[in-house]
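Asker: Please see the structure below; I have some questions.
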Amino acid sequence: MRPILLQGHERSITQIKYNREGDLLFSVAKDTVTNVWYSVNGERLGTYNGHTGAVWCVDCDWDTKNVLTGSADNSCRLWDCQTGKQLALLETNSAVRTCGFDFSGNIIMFSTDKQMGYQCFLNFFDLRDPQQIEDNQPYLSLPCNDHKITSAVWGPLGEFVIAGHENGEFNQFSAKTSSDLTMFVSASKDNSAKLFDSASLEHVKTFKTERPVVMGGGQEAMEVTTTSTRIGKFFHAAYEEEFGRVKGHFGPINCVAFHPDGKSYSSGGEDGYTRIHHFDPQYFDFELEA
């Protein structure tokens, strides 16, 4: 499984994201640039320029019409996917850590960091209402008083958002809006990844590793030498057993995304590279002995 190496960032990768069809791969990093690539051959299609700080998060809507990014420059920006034109600028009091479209592509959510005396908020905007964008006023803003949000995903049918906090807790936040996202995986410094039911937040499976697991958002510089070991590991979802490893990055792996067809995946590292891995045919013939 020889990877395709994507070199388009000068600093560590913070998040990567496929569109629904899987033909496009979006990458963001601490260098202010958002890149979009053809996933089949690694050719760079274009960039979205405008942020002035590290870009922490990126998402693409259902029909690959719009792109959403959040940055340490205290802004969340909406882009036209095809032209790269900035469609909206939503300014905040602190860095935007996570962002995402709901299933319909009409509702966006993003979270802000708890910093500089400002508390963490989870904000919701309806893109069908231009007045919300013009006034920079979300239709719903939920405070998170105790611990900031480090990751967030939409739940099934876009009825709520599941947020992970820096203290290891998960919370559900109702969005009152409308991908069958019935399960989600968490990553932690406790040397494990865990599988949860999205609706009940019930813990389903645990996948143990030798070192802390990092997925998304990058890392603080002081933690780079103490976390992941440059290896991507594969676990059986039912038996919780490791059955494969992939090496390649020169440093910790910050984020991983699977192609929608399950035949390839991409990883973004602290080394600033994105790698697209297409599985060999033998991978699909593998049978795990229970």
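The values are calculated or read from the model by the stated rules, or taken from the named source; none is laboratory data. Everything quoted here is computed from the prediction, not taken from an experiment. Please note: Cβ atoms are built from the backbone with ideal geometry, for glycine as well, and neighbour counts cover all protein chains shown. In case anyone asks, the SASA skips ligands and DNA or RNA and just uses the protein heavy atoms, side chains included. Shrake-Rupley method; radii C 1.70, N 1.55, O 1.52, S 1.80 Å.
Asker: Being more than 24 Å from Phe125 (Cα to Cα) and either out of contact with any Leu (no Cβ under 9 Å at 6 or more places or on another chain) or not in a loop (DSSP other than H, G, I, E, B) (or both) is true for just one of Gly70, Gly53, Gly42, Gly22. Which residue is that?
Answerer: Testing whether each residue is more than 24 Å from Phe125 (Cα to Cα) and either out of contact with any Leu (no Cβ under 9 Å at 6 or more places or on another chain) or not in a loop (DSSP other than H, G, I, E, B) (or both) leaves just Gly22.
Asker: Kindly indicate whether Asn41 is among the polar types (S, T, N, Q) and surrounded by 15 or more Cβ atoms within 10 Å (Cβ to Cβ).
Answerer: Answer is no for this residue.
Asker: Okay, moving on. When segment 224-262 is examined, which residues are found to be assigned to a loop (DSSP other than H, G, I, E, B), under 29 Å from Asp285 (Cα atoms) and modelled with pLDDT under 90?
Answerer: Answer for segment 224-262, where residues must be assigned to a loop (DSSP other than H, G, I, E, B), under 29 Å from Asp285 (Cα atoms) and modelled with pLDDT under 90: Ser228, Thr229, Arg230, His236, Ala237, Ala238, Tyr239, Glu240, Glu241, Gly248, His249, Gly262.
Asker: Considering only residues that are within 20 Å of His9 (Cα to Cα) and among the acidic types (Asp, Glu), look in segment 54-96 and name the one that is least open to solvent (accessible area, probe 1.4 Å).
Answerer: That would be Asp59.
Asker: Quick check on Ser179: is it modelled with pLDDT under 80, closer than 25 Å to Phe235 by Cβ, open to solvent by less than 70 Å² (accessible area, probe 1.4 Å) and touching a helix residue (DSSP H, G or I) at 6+ places or on another chain (Cβ under 7 Å)?
Answerer: Here the answer is no, as Ser179 does not meet what is asked.
Asker: Next question, about the same structure. Which condition number does Asn167 fail, the rest of (1) assigned to a loop (DSSP other than H, G, I, E, B); (2) more than 22 Å from Asn66 (Cβ to Cβ); (3) in contact with a Phe, Trp or Tyr (Cβ under 6 Å, 6 or more places away or on another chain) being met?
Answerer: The single condition Asn167 does not satisfy is (3).
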